[in-house]
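Heads up: the structure comes next, in C-alpha cells.
Readers should treat all values here as calculations from the given coordinates under stated rules, not as data from a laboratory. None of these values were measured; they are calculated from a predicted model. As a convention, Cβ positions derive from the backbone with ideal geometry for all residues, glycine included, and neighbour counts pool all protein chains shown.
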Amino acid sequence: MQVRFNALSKVVIAAIAAVLFSCATTVCQAQPSPKFSLESVLGYPFPLHLVAGADGRMVAWVIDQRGVRNVYVAAAPDYAPHAITHYTADDGQEITNLSISRDGAYVVYVRGGDHDSNWPALFPPDPARNPVAPHMQVWAVPVQDPGKALALGDGDTPAISPDSKRVAFVAQNQSVWSAPIDEPGKAARLFFDEGQDSDLQWSPDGSALAFVSMRTDHSFIGVYRGQATPLRFLSPSTSQDLEPRWSPDGAKIAYIRTPGIGGPPATDFAFAKTPWAIWVADAATGTAHRIWASANTLRASFPDDFDPSLRWTAGNALTFLSSADNWPHLYALSPGGGPARLLTPGAFMVEDTALSHDGHTMFYTANHGRTTGDFDRRHIFSVDIATGRTREITAGTRSEWSPAANGNALAFVQAGSKQPPLVSVLPLAGGTIRALDRNLLPADFPQSRLIVPKSVTFRAADGQMTHGQLFESAGGPAKKPALVYVHGGPPRQMLTTWHYIDYYSNGYAVNQYLANHGFIVLSVNYRLGVGFGYDYAHPANWGPTGASEYNDVLGGNAFLRRMPSVDAKRIGIWGGSYGGYLTALALARNSNLFCTGVDWHGVHDWSTTEFLPNPPVRYQMPDMKKERRIAWLSSPDASIAKWRSPVLLVQGDDDHNVHFHQTVDLARRLQLAGVPYSELVIPNEIHGFLRYATYFKADTATVDYLTRHLTAGDCR
C-alpha cells in the first residue's frame, strides 16, 4: 500500500518525533488517562444466580442493570440470550431462587425480600418507599411466552416437582404450600408442620417431599408423602439436622447433623469446635445411621464461612466441603460409610460447586491456577468423582465463577480487571469462551480506561504477612492522596478482577473511579477473610476479642506511607459493614495516620447484647464483665476521646445485618466529643443496598467526601 503524506501529516509526524526524541533524552512522565464519570463506571450489568436446567439444554440467570432486574435464558446449541421478564423499575425488589422446570418450559423465581440478612424482618423491604406494601412472591414464567409471568403465591424457596407440573414453596408463615406451575392464584397449603420449614427437596419420582423442620434449638428432617400419610421424621434427636438429599433411586436420604443449641454457656467470643456428621436414612422407614463424622478440631468444625454443599451424586457417592486440612476442599464418601476421600488437594480454596449433567463430575471454582497471582482470582476446574482426576477448565488473568453444567457445555460468569462480569459459555469438548450478554454493556462504559490492580504483600503491624490489591493510575502529581479500602463480611476475599458479589463489585468500581481521579487505593485482605486458609480466617483475638485484624489495616497504612508516590499526610480509609467497623476503628485509634474516612453501616460497639455470641441471651452466664470489657475496648466507641478525623457515616435504617442504632449511637458520641462528621441516612434501605439509586447516592457521597478532605487541602 502506498502512503501519501500531506502537509498536516508531516506536521503531526514532526511533533511525534520531537516527543520521542525528548523521551529518549529525558525521563518521560506517564500521562494520566482521561477521566470518566462515576455514573459510567457504575452502569455495568451484573449477572446473578446462574442455573442450568435438568434437560441439559437451557441456562437461566438474572441481570441487574442499574437496579432493574430481569430473568434471562439461553439454550443450546446457539445460546442466544433473551429476557423472559420485563421489569422496568429500580424498585429494590430482588429476583432470587431461580430454577428451570425439567421440561424446560418454565423458569420459577422469587421476587422481593432480603436474602442476605442476619435476622428475619417483619415485612419484606420497601427501599423505593412505595405506599403499597411489597410482597415476597413465587413467580413462574413460560419460556416460550416471555413477559407472561404468573404469581403463584406469597413465599420463598420454591421447588419444582419432577413432572414440571407443580411448585412447592415456603409461605411467609414458614409453612409449605403448593401451586400449579401454570395457574396463578391456585396455591394451597400442602401440609401442616409445627416447625418452621425450609430446604424443600422432591424425591426423584415426585411422590415425596423432604424438608427441614426447624424447632428453635433443634431441627428434624421430615418427609411428606400425601394428605393420608403422617409426616415421617428421620431419626429425630436433640441435634440440628440439615440439607436433606435424596439418593438417585429415591430409596435413601442423606443429611447433615450438627449439635443442638444448648450446653454450657459460652464464656467469650472465641471460635468454638463444632463437630458434625453425615447420616443416611431409609426414606421409607425413617431409620438412619451415621456414616461419617468430622474430627473434633477447629479446622474440621462445621463450616461457618461456606456451605458444606452435601450432594448425592451418580456412582453412589456423596460429596461435601470441609476445611479439615486448613483449606475448603471437596471430599467424596460412600453412603455405606468409610473414610472420606479428598478430591481437591492443594493450598487453595474451593468455592462454587456444580454437578455435571450425568452426575459423575464435579465442577468447582478455586483461587488456584498456573498464572502468577491466581490466588487473587477464581478459575474453574473439574474432578471425576470416582477417580479423583482433575482438569483445568479455565485459566489466565481473568476470573470465572458460578459454574452451571449444561449437557456438553459449561456456563459460568467471567470477569477481568477491566471487563465487568459477563455470563459466558464454553464447549466442554474444547473451544473458545463466548460471552452471552456483552451487548448489555453501555456504550459509555469506560472499559479501556480502567486499570489492572497489582497483587501486593506487606507486613501487618504485628508481623503477619498480609495480601492486598493496589489501584494506581499512571501520571498525575508526584505525591498523591491514598486510601485503604477494607471489605465487609468478614469472610470475603477481594480480587484483582471484578468481584463475584454485587456489593463488592460496586466497591471495585468505586476504587477504579478513585484511581482514575488521582487516588492510590490499597484494598486489604485482612485476617478473618477467606482465600488464605482456615487459620487465616480464624485468628486469635479477632474483632470483639481484641481486634487483631486491625494490625493488617495498620500494615496497609504503613505500606502506603512507604510509597514514594503517596502523600503520607493525606491517607484516608473507607469500607462497609465489617469494613465500616475497621474504618471507624482506624479513625478512632489513629487519626494521626488516617486523616478522614467513610464508614458504611459499621459496628461501633461490640459490647451490646445484640452482638453477644451464642448461646442465646436466656442461656448467658450471670457474669460477662470480662468479655464485655474486652469487647468494649475492641470497639471504635472506646476510643472516641482520641478521634479527631472527619468521617462520613452511611446506613439504611432497615438494616437487618447491623442494627441502625450502631450509627445513631456513634453519631451522638461524635457530636458530644466535637468530632466533625456528616451522615447519609437512607430510609427503608437494607444492609446490602437493593436499589441502584442508593448505591449511586452513597458512592457519590463517598467519593465527594474523600475528594474534599484528601485533595482540597482539608485534611487535618
Test item: Cα-centred dipole of segment 352-443, Lys/Arg +1 and Asp/Glu -1 on Cβ, debye | 260 debye
CD proxy, 222 nm, the chain: helix-only mean residue ellipticity via -39,500 (n - 2.57) per DSSP H run with n ≥ 4, per residue, nearest 500, stands at -4500 deg cm²/dmol
Kirkwood radius from Cα pairs of segment 352-443 plugged into Stokes-Einstein at 20 °C, 1.002 mPa s, gives D in µm²/s equal to 158 µm²/s
Of 186/697; 273/625; 148/697, which sit over 30 Å apart, Cα to Cα?
-> 186/697; 148/697
List the lysines whose alpha-carbon lies under 24 Å from that of residue 569, not counting same-chain residues fewer than 8 positions away?
-> 454, 479, 480, 642
By count of other Cβ within 10 Å, fewest leading, how are 362, 465, 624 ordered?
-> 465, 624, 362
Determine which residues of segment 677-710 fall in the zone a paramagnetic label at residue 122 would reach in this model, i.e. backbone nitrogen under 16 Å from the point 7 Å along Cα→Cβ.
-> 684-685
For segment 276-320, what is the Kirkwood estimate of the hydrodynamic radius, computed as the reciprocal of the mean inverse distance between distinct Cα atoms, to one decimal in Å?
-> 12.2 Å
Magnitude of the charge dipole, the chain, Cβ model with Lys/Arg +1 and Asp/Glu -1, debye to 20 = 2100 debye
q = 0.06, 0.07 Å⁻¹, the chain: log10 I(q)/I(0) [Debye, one scatterer per Cα] | -0.37, -0.51
When only DSSP loop residues count, what trypsin sites (Lys or Arg not before Pro) in segment 376-458 have their Cβ near at most 11 other Cβ atoms within 10 Å?
-> 389
The extension gain from residue 82 to residue 35, computed as 0.36 nm times the residue separation minus the Cα-Cα distance, is 13.6 nm
Between residue 664 and residue 474, what FRET efficiency comes out of the Förster formula 1/(1 + (r/R0)^6) with R0 = 35 Å and r the beta carbon distance, rounded to 0.05?
-> 0.20
Table column - 3J(HN,Hα) (Hz), segment 633-640, Karplus curve with 6.51, -1.76, 1.60, x for Gly and Pro = 5, 8, 9, x, 4, 5, 10, 4
Along the positive direction of the dipole of the chain (beta-carbon charges: Lys, Arg +1; Asp, Glu -1; about the Cα centre), which of 328, 547, 706 reaches farthest?
-> 706
Take the alpha carbon gyration tensor of segment 438-572, find the square roots of its eigenvalues, order them as a ≥ b ≥ c, and report rounded if a/c is under 1.5; if not, report prolate when a/b exceeds b/c, else oblate.
-> oblate
